[in-house]
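Peer 1: Take this structure, written in structure tokens, and hold onto it; I'll ask about it next.
The values are calculated or read from the model by the stated rules, or taken from the named source; none is laboratory data. For clarity, every value in this text was computed on a predicted model and none was experimentally measured. Glycine also receives a Cβ, built like all others from the backbone with ideal geometry; neighbour counts cover every protein chain displayed. The accessibility values were calculated without ligands, DNA or RNA, using every heavy atom of the protein model including side chains. Shrake-Rupley method; radii C 1.70, N 1.55, O 1.52, S 1.80 Å.
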Amino acid sequence: MRLADLRRQLGTVAIAGAIALSGCGDPAPLNRGDLAPAFALDAVAGPPVHFAPGGNGVPTVIRFWADWCAYCYQEMKDLEPVALRLRAERVTLLAVNVGQDRATAEAFVARLGISYPALVDESAATARAYGVTALPTTFFVAANGRIHNKLVGEADAATFERLARELLDAEPPRSAP
């Protein structure tokens with residue numbers, strides 16, 4: 001077994017165990033229609049990001065990942081052009097690193113060359129609040145703050161974009177005050 005493969009497997013077990021063991025009394029996994037929890041996390045680059053569901057009326061895609069995740073590298077790289085197209089239509093993509101230190105997340109993101117925000121959830125508290133039990137896990141949050149869809153596991157760019165675009169039609173547009 002290659003060292004990189006062993007590292008991924010050990011990382012998977014460690015993160016899954018940490019999430020499971022620290023989950024006593026934590027909320028159940030979130031599903032369609034649930035209100036997305038608010039959070040504030042440091043970004044790998046740039047200012048901290050504060051997510052308040054429905055607070056800014058912007059559809060948001062929240063993707064949980066780690067550097068040991070076998071699918072995350074290529075998938076995150078493939079999402080860059082999708083994120084750029086979605087940004088033009090006011091859909092935000094946030095990539096939340098789960099349970100790793102800032103330096104590890106920073107090194108991974110530097111190799112990717114992505115422009116969408118990568119956030120650091122070192123304690124995995126945000127992942128627990130969302131009920132994340134596997135990586136990658138992605139939540140598609142409508143402008144009203146409700147979870148419109150959830151994707152556990154790998155997805156190709158076309159599927160990801162289709163689910164993200166559904167957010168644009170998830171609720172009628174708000175009228176100006």
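Peer 1: Tally the residues that are open to solvent by 20 Å² or more (accessible area, probe 1.4 Å), among the small types (Gly, Ala, Ser) and outside any loop (DSSP other than H, G, I, E, B), restricting the search to region 40-61.
Peer 2: Residues in region 40-61 being open to solvent by 20 Å² or more (accessible area, probe 1.4 Å), among the small types (Gly, Ala, Ser) and outside any loop (DSSP other than H, G, I, E, B): 1 in total.
Peer 1: Can you go through Leu84, Leu119 and tell me which one is under 11 Å from the mean Cα position of the chain (by Cα) and of a type in the set (A, V, I, L, M, F, W, C)?
Peer 2: Only one candidate qualifies: Leu119.
Peer 1: Scan (1) touching a helix residue (DSSP H, G or I) at 6+ places or on another chain (Cβ under 9 Å); (2) open to solvent by less than 20 Å² (accessible area, probe 1.4 Å); (3) not in a helix (DSSP H, G or I) for the single condition Pro37 breaks and write down its number.
Peer 2: (2)
Peer 1: Given the structure, is Ala14 part of a loop (DSSP other than H, G, I, E, B) and either within 18 Å of the chain's Cα centre (by Cα) or modelled with pLDDT under 95 (or both)?
Peer 2: no
This table checks each residue for (1) surrounded by 15 or more Cβ atoms within 10 Å (Cβ to Cβ); (2) farther than 21 Å from Pro29 by Cβ; (3) out of contact with any Asp or Glu (no Cβ under 7 Å at 6 or more places or on another chain); (4) without any contact (Cβ under 8 Å) to a residue 24 or more places away in the chain.
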| position | (1), (2), (3), (4) |
| --- | --- |
| Arg63 | yes, no, yes, no |
| Ala66 | yes, no, yes, no |
| Met76 | yes, yes, yes, no |
| Arg90 | no, yes, yes, no |
| Glu106 | yes, yes, yes, no |
| Val109 | yes, yes, yes, no |
| Gly131 | yes, no, yes, no |
| Val141 | yes, no, yes, no |
| Asn149 | yes, no, no, no |
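Peer 1: Does region 111-123 contain at least one residue that is open to solvent by 60 Å² or more (accessible area, probe 1.4 Å), of a type in the set (A, V, I, L, M, F, W, C) and more than 17 Å from Phe39 (Cβ to Cβ)?
Peer 2: no
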